[in-house]
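Written below as structure tokens is the structure these notes are about.
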Amino acid sequence: MKFKLLVAAAILLPSAASAQSMNAEAFYKRSKALVAKGPLALLSRGEINALMTEASNAGKAARAQRLAAVAAGKPPRACPPEKSSMNSDEFMQRLGAIPPAERARINMTEAMTRITIARFPCPR
């Protein structure tokens with residue numbers, strides 16, 4: 001079972017991580033620019049899709065990293081329930097809570113991991 005999880009993580013992690021093309025600060029700025037457009041943002045379907053894909057890939061990569069750590073017998077950095085969701089307002093609030101200098105040097109996978117840690121810390 002652990003071997004299958006490690007293989008799955010090895011397959012998913014590089015593909016999800018390689019699909020990322022921006023750091024967390026670039027993602028944040030692009031998202032805020034869309035929000036500033038108000039209802040006209042709906043006309044920016046390509047940008048919306050690009051950001052949604054980026055966030056989805058980051059979430060999948062962060063999950064794969066967590067599962068790989070657990071499979072390797074290491075403690076996970078976050079302990080989310082199997083099923084959870086977050087609306088875009090909460091996501092942007094939590095992403096905005098990461099200082100801009102840090103957002104500029106981390107990718108979206110790390111940002112997603114930090115958001116998950118803040119929301120679902122592991123009991124110590």
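Taken together, the values in this text are just the output of simple stated rules run on the coordinates, not laboratory data. Values in this document were obtained by computation on a predicted structure and should not be read as measured data. So basically every Cβ, Gly included, is an ideal-geometry build from the backbone, and we count neighbours across all protein chains shown.
Here r is the Cβ-Cβ distance between residue 56 and residue 79 and R0 is 25 Å; the resulting FRET efficiency, rounded to 0.05, is 0.75.
Computed from label points 7 Å out along Cα-Cβ, the spacing between residue 119 and residue 32 is 2.1 nm. Evaluating 6.51 cos²θ - 1.76 cosθ + 1.60 at θ = phi - 60° for every residue in region 83-96, the Karplus couplings come out as 10, 8, 9, 8, 7, 5, 5, 5, 4, 5, 5, 5, 5, x Hz, glycine and proline recorded as x.
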